[in-house]
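S.K.: What follows is a structure written as structure tokens; I'll ask about it next.
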Amino acid sequence: MQTVLVTGANRGLGLEFVRQYREAGWSVMAASRRPDEAVRALDCDAALLALDVQDEQAIRALPEVLRGRQIDLLINNAGYHPGMQQLGRINYSNWQTAFHVNTIAPLQIAEALFPLIPSGGKIVNVGSRLGSIACNQGGGSYIYRATKAALHCLTRSLAMDLAPRSILVVALHPGWVKTDMGTSAADIEVGESVSGMRNVITNLGPQNTGCLINYDGVEIPW
Ligand SMILES: NC(=O)c1ccc[n+]([C@@H]2O[C@H](COP(=O)([O-])OP(=O)(O)OC[C@H]3O[C@@H](n4cnc5c(N)ncnc54)[C@H](OP(=O)(O)O)[C@@H]3O)[C@@H](O)[C@H]2O)c1
């Protein structure tokens, strides 16, 4: 049985990843800073892991907590959107939280866990089209865009450095999804986004590593 570890698993896309991978017969580790919420939300037997991704000590302890268990797929999903941040009204006080959650933590988690990922294993960083410099048409979200662009950059570094171990690393854009972050005005439901991303993940090959890919499989330019 294959094992997936998902961060930010208590709501939104993370919770749906947990639900769908359990349904598909995977062993699922649902990591969140509010495991009790995940317990209530989930009607399945995923293993619950308490993890605030800003807690660097907890991240360093992960391999020990997991007792060296093999992780076939790591999904760095936890994310934070610090508001629209229009020019002239940018609030700089939440830069640090946004960078910590969206950029630094996924790298720290990948660094802690890659020794547990076997050849053929995968790391997925949930990125965003808003972090694509090529697609940027303005309209605010300065901080969020910057944190996701940086996440995309380190996705490429990880992909290059882990290629000799045959570990694939990609950034996925989930679409504009109806979650707390995406709001009810978004285009698609969590189920459609996650089943699309799961399909992309299943079909990943060495030609895809280090890329930013939409939930429907279409590559997005950097
Ligand atoms: N929804 C969209 O349209 C969209 C589009 C592009 C990219 N994304 C990305 O998709 C991912 C999931 O987003 P979502 O839409 O599901 O958002 P969401 O409903 O707001 O959920 C965010 C998740 O991240 C977790 N999180 C935030 N800070 C954390 C921390 N310090 N430690 C642990 N967990 C933390 C939250 O946990 P708490 O409940 O504890 O806060 C929650 O589980 C994010 O990376 C987001 O940037 C979403």
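The values are calculated or read from the model by the stated rules, or taken from the named source; none is laboratory data. Bear in mind that the values here come from a model prediction, so they are computed numbers and not experimental data. Every residue, glycine among them, receives a Cβ derived from its backbone with ideal geometry; neighbour counts consider all protein chains shown. Note: areas computed on protein heavy atoms with side chains; ligands, DNA, RNA excluded. Shrake-Rupley method; radii C 1.70, N 1.55, O 1.52, S 1.80 Å.
S.K.: Every residue in region 127-150 that is more than 9 Å from the ligand (Cβ to nearest atom) and among the β-branched types (V, I, T), please. Steps first, please.
M.R.: Residues of region 127-150 more than 9 Å from the ligand (Cβ to nearest atom): 132-143, 145-146, 149-150.
Those that are more than 9 Å from the ligand (Cβ to nearest atom) and among the β-branched types (V, I, T): I133, I143.
S.K.: Contact list please: Cβ distance under 6 Å, first residue in region 1-30 and under 16 Å from I109 (Cβ atoms) and part of a helix (DSSP H, G or I), second residue within 15 Å of the ligand (Cβ to nearest atom) and not small (G, A, S), pairs at least six apart or on different chains.
M.R.: Pairs found: G14/V6; G14/N77; F17/V6; F17/I75; F17/V194.
S.K.: If you check G14 against the conditions, is it within 14 Å of the ligand (Cβ to nearest atom) and under 14 Å from the mean Cα position of the chain (by Cα)? Write out each step before concluding.
M.R.: Numbers: within 14 Å of the ligand (Cβ to nearest atom): yes; under 14 Å from the mean Cα position of the chain (by Cα): yes.
Criteria met by G14.
S.K.: Looking at V124, is it closer than 20 Å to G12 by Cβ, within 8 Å of the ligand (Cβ to nearest atom) and in contact (Cβ under 8 Å) with a residue 40 or more places away in the chain? Full working, then the answer.
M.R.: Working: closer than 20 Å to G12 by Cβ: yes; within 8 Å of the ligand (Cβ to nearest atom): no; in contact (Cβ under 8 Å) with a residue 40 or more places away in the chain: yes.
Spelling it out, it is not the case that V124 is closer than 20 Å to G12 by Cβ, within 8 Å of the ligand (Cβ to nearest atom) and in contact (Cβ under 8 Å) with a residue 40 or more places away in the chain.
S.K.: Considering only region 168-193, state which residues are under 12 Å from G217 (Cα atoms) and within 11 Å of the ligand (Cβ to nearest atom).
M.R.: At the first step, the residues of region 168-193 found to be under 12 Å from G217 (Cα atoms) are 170-175, 193.
Hits for region 168-193 are A171, L172, H173, P174, G175, S193.
S.K.: Do you know which of the residues in region 128-148 that are among the hydroxyl-bearing types (S, T, Y) and either buried (at least 20 other Cβ atoms within 10 Å of the Cβ) or over 20 Å from S193 (Cα atoms) (or both) is nearest to the chain's Cα centre (by Cα)? Before the answer, list the steps.
M.R.: Just the residues of region 128-148 that are among the hydroxyl-bearing types (S, T, Y), to begin with: 128, 132, 141-142, 144, 147.
Keeping just the survivors that are either buried (at least 20 other Cβ atoms within 10 Å of the Cβ) or over 20 Å from S193 (Cα atoms) (or both) gives 128, 141-142, 144, 147.
Details: S128: 10, S141: 19, Y142: 20, Y144: 14, T147: 13 Å.
Ranking the qualifying residues of region 128-148, first place goes to S128.
S.K.: Would you mind stating whether A50 is open to solvent by 60 Å² or more (accessible area, probe 1.4 Å), within 14 Å of the ligand (Cβ to nearest atom) and touching a residue at least 12 places away in the same chain (Cβ under 8 Å)? Can you show your working first?
M.R.: Numbers: open to solvent by 60 Å² or more (accessible area, probe 1.4 Å): yes; within 14 Å of the ligand (Cβ to nearest atom): yes; touching a residue at least 12 places away in the same chain (Cβ under 8 Å): yes.
Yes; evaluated as a whole, the condition is true for this residue.
S.K.: Further, regarding this structure: Of everything in region 58-117 that's of a type in the set (G, A, S) and away from the ligand (no atom under 13 Å from the Cβ), which residue is farthest from M1 (Cα to Cα)?
M.R.: G88
S.K.: Taking region 36-47 as the search range and keeping residues that are within 14 Å of the ligand (Cβ to nearest atom) and charged (D, E, K, R), which one is most open to solvent (accessible area, probe 1.4 Å)?
M.R.: Step by step, filter region 36-47, then rank; the result is R40.
S.K.: While we're looking at this one, here's another question. Only one of these is surrounded by fewer than 23 Cβ atoms within 10 Å (Cβ to Cβ) and in a helix (DSSP H, G or I): L204, L151, L113. Name it. Outline the logic, then answer.
M.R.: Numbers: L204 fails: in a helix (DSSP H, G or I); L151 fails: surrounded by fewer than 23 Cβ atoms within 10 Å (Cβ to Cβ).
Answer to the check: L113.
S.K.: Let me ask something else about it. Has region 94-106 got any residue that is of a type in the set (S, T, Y) and either surrounded by fewer than 17 Cβ atoms within 10 Å (Cβ to Cβ) or out of contact with any helix residue (DSSP H, G or I) (no Cβ under 8 Å at 6 or more places or on another chain) (or both)? Lay out the reasoning, then the answer.
M.R.: So in region 94-106, the residues of a type in the set (S, T, Y) come out as 97, 103.
When the remaining residues are screened for being either surrounded by fewer than 17 Cβ atoms within 10 Å (Cβ to Cβ) or out of contact with any helix residue (DSSP H, G or I) (no Cβ under 8 Å at 6 or more places or on another chain) (or both), the result is 97.
Taking every residue of region 94-106 in turn, at least one turns out to be of a type in the set (S, T, Y) and either surrounded by fewer than 17 Cβ atoms within 10 Å (Cβ to Cβ) or out of contact with any helix residue (DSSP H, G or I) (no Cβ under 8 Å at 6 or more places or on another chain) (or both).
S.K.: While we're on this one: Would you pick out the residues in region 17-35 that are open to solvent by 90 Å² or more (accessible area, probe 1.4 Å) and within 11 Å of the ligand (Cβ to nearest atom)? First the steps, then the outcome.
M.R.: To start, the set of residues in region 17-35 that are open to solvent by 90 Å² or more (accessible area, probe 1.4 Å) comprises 19, 23, 33-34.
The answer is R33, R34.
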